[in-house]
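> Here it is, the structure in full.
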Amino acid sequence: MKVNKVSKINGIITVPADKSITHRAIMLSSLATGKSYINNYLKSDDCLMTMNAFKQMGVNIEQTEDSLTIIGAGINGLKNPVKEIYAGNSGTTTRLLSGVLAGQKFSSTITGDASLSKRPMKRVIEPLSLMGANITAKENNFLPMTILPKENLKAISYTSPVASAQVKSCILFAGLYADGTTTVTEPIKSRDHSERMFKTFGADISVDGLSVSVKKCNELYAQEVTVPCDISSAAFFIVAGLIVPNSNIKILNVNINKTRDGILTVLKSMGADIVLDNVRTVSGEDVADIEIKTSRLNSTSFGKEIVPSLIDEIPIIVLAATQAEGQTVISGAKELKVKESDRIHSVASQLNKMGADIKETDDGFIINGPTKLKGATVDSFDDHRIAMMLSIAGLIAEGETEILNSDCVKISFANFYEVLKKICK
Ligand code: S3P
């Protein structure tokens with residue numbers, strides 16, 4: 001994809017539905033008794049992988065343009081998937097599903113694409129094994145991963161070494177099948193969509209600070225869920241609105257869950273003109289319209305405490321920091337190395353090609369700004385969030401920016417370039 005410098009961006013837009021919430025809604029609806037409706041679900045490759053996995057296990061899922069109707073199989077009603085379950089590029093599918101599969105009476109194998117096959121799975125294999133699951137994986141850490149049948153899992157109290165919602169949610173899903181009360185404690189709170197939605201579907205779940213406990217479950221109940229738009233997708237346009245001169249944009253119906261809104265806190269601390277309007281609650285999640293105006297940004301520094309609430313937004317925050325006055329230091333973000341690409345390297349190497357001054361560190365970045373960006377040929381490393389961040393960089397870079405391997409935007413935001421075109425003046 002080629003992107004050129006623009007003089008301003010303007011308009012009212014919506015971005016696709018939240019990816020994390022869509023995955024969870026499909027999973028819980030599939031395990032519930034009765035017919036669930038999921039409105040405004042995310043139609044993206046990642047969520048398709050979750051849908052296909054449950055279809056393969058006998059769940060009836062009807063898909064229209066705006067909604068899913070899922071006739072749940074019941075908590076103990078999944079069928080043997082027969083062949084391998086292909087999770088594509090999706091870490092969330094793999095890790096959450098492994099928790100469900102650990103509780104089944106059939107064996108299953110999960111495979112993935114080249115990127116997913118390099119991502120660590122020991123973080124879920126370890127706690128699931130403590131619960132009694134029998135799992136084999138390549139080098140005990142990588143896909144393909146085979147989960148052998150298990151009659152009864154046992155509840156555990158697990159302290160997770162990483163602040164990861166995928167690990168937490170995996171254990172909670174397995175906890176639905178484990179005798180007793182399963183508790184998972186995280187070092188820092190990660191996104192809490194699972195906790196909220198487990199409760200909605202009738203699971204016996206409770207939260208106590210950094211610990212979440214779930215009891216064995218005999219039945220989940222079908223629901224109607226309306227998925228808000230994804231702040232991780234909105235993030236690209238929030239930063240675009242701030243750094244492209246003379247801009248004013250509004251993004252409607254964005255999820256502003258407290259465990260996801262770190263980007264708003266950080267950008268506001270940099271001097272961003274961001275206003276939340278029409279704040280409301282939809283299907284147990286906080287939602288707002290977000291208005292953004294071009295702003296003079298100052299540098300900032302942040303570390304591990306806030307990182308889980310903005311983990312997927314760090315690439316676009318780094319771009320904002322290249323336009324801010326002063327030195328920005330981001331630390332405590334080592335997890336970026338094991339995302340869809342090594343995001344510390346992909347962000348720094350590609351933005352530096354465009355003229356940014358970014359130093360990679362072991363757990364983050366040191367960014368000196370402001371720097372003028374110039375068009376270049378850059379690579380997404382087949383990582384959707386890198387492709388979108390580089391495209392926004394292209395809006396302020398002198399000349400033309402070519403983003404190689406930009407097709408991967410379909411992992412989370414299939415119409416990204418259409419929305420971008422709509423607001424570019
Ligand atoms: C996700 C959790 C995050 C995030 C990912 C989606 C989820 O991963 O990066 O895009 O839906 O639970 P970790 O929890 O592993 O950090």
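The values are calculated or read from the model by the stated rules, or taken from the named source; none is laboratory data. These numbers come from a predicted model, not from an experiment. Backbone-built Cβ (ideal geometry, glycine too); neighbour counts: all protein chains shown.
> Give 257, 278 a once-over and let me know the one that is under 16 Å from the mean Cα position of the chain (by Cα) and not in a helix (DSSP H, G or I).
Result of the check over 257, 278: 257.
> Let me ask something additional. Looking at (1) within 16 Å of the ligand (Cβ to nearest atom); (2) surrounded by fewer than 19 Cβ atoms within 10 Å (Cβ to Cβ); (3) in contact (Cβ under 8 Å) with a residue 40 or more places away in the chain, can you tell me which one residue 385 breaks?
Failing condition for residue 385: (2).
A quick yes/no check of all residues on (1) among the β-branched types (Val, Ile, Thr); (2) assigned by TED's automatic domain parsing to the domain that holds residue 210; (3) within 25 Å of residue 245 (Cα to Cα); (4) in contact (Cβ under 8 Å) with a residue 24 or more places away in the chain:
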residue	(1), (2), (3), (4)
304	no, no, no, yes
309	no, no, no, yes
314	yes, no, yes, yes
325	no, no, yes, yes
328	yes, no, yes, yes
333	no, no, no, yes
337	no, no, no, no
341	no, no, no, yes
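> Could you figure out which of (1) touching a Lys or Arg at 6+ places or on another chain (Cβ under 9 Å); (2) among the basic types (Lys, Arg); (3) in a loop (DSSP other than H, G, I, E, B) isn't true of residue 296?
Residue 296 satisfies all of (1) touching a Lys or Arg at 6+ places or on another chain (Cβ under 9 Å); (2) among the basic types (Lys, Arg); (3) in a loop (DSSP other than H, G, I, E, B) except (1).
> Oh, and also: Taking the stated definitions as given, is residue 121 farther than 25 Å from residue 203 by Cα, at pLDDT 95 or above, within 15 Å of the ligand (Cβ to nearest atom) and crowded, with 18+ Cβ neighbours inside 10 Å?
Against the criterion (farther than 25 Å from residue 203 by Cα, at pLDDT 95 or above, within 15 Å of the ligand (Cβ to nearest atom) and crowded, with 18+ Cβ neighbours inside 10 Å), residue 121 qualifies.
> Step by step: first the residues of region 299-339, then only those that are of a type in the set (Asp, Glu) and not in a loop (DSSP other than H, G, I, E, B), then the one that is farthest from the ligand (Cβ to nearest atom). Which residue is that?
Ranking the candidates gives 325 first.
> Out of the residues in region 153-185 that are touching a residue at least 60 places away in the same chain (Cβ under 8 Å) and assigned to a loop (DSSP other than H, G, I, E, B), state the one that is nearest to residue 220 (Cα to Cα).
Checked region 153-185; the qualifying residue nearest to residue 220 (Cα to Cα) is 176.
> Sticking with this structure for a sec: Residue check: is residue 136 within 16 Å of the ligand (Cβ to nearest atom) and either touching a residue at least 60 places away in the same chain (Cβ under 8 Å) or not in a loop (DSSP other than H, G, I, E, B) (or both)?
No, not satisfied.
> Moving on to the next point. Looking at this structure, is residue 231 within 16 Å of the ligand (Cβ to nearest atom) and either more than 18 Å from the chain's Cα centre (by Cα) or in contact (Cβ under 8 Å) with a residue 24 or more places away in the chain (or both)?
Criteria met by residue 231.
> Shifting gears a bit: Just give me the residues in region 186-221 being over 25 Å from residue 306 (Cβ atoms) and assigned to a loop (DSSP other than H, G, I, E, B), in sequence order.
Residues satisfying the conditions are 201, 202, 203, 204, 216, 217, 218, 219, 220.
> In this structure, is residue 185 surrounded by fewer than 18 Cβ atoms within 10 Å (Cβ to Cβ), within 26 Å of residue 312 (Cα to Cα) and in contact with a Phe, Trp or Tyr (Cβ under 8 Å, 6 or more places away or on another chain)? If you could, list the steps in order and put the result at the bottom.
Values: surrounded by fewer than 18 Cβ atoms within 10 Å (Cβ to Cβ): yes; within 26 Å of residue 312 (Cα to Cα): yes; in contact with a Phe, Trp or Tyr (Cβ under 8 Å, 6 or more places away or on another chain): yes.
Criteria met by residue 185.
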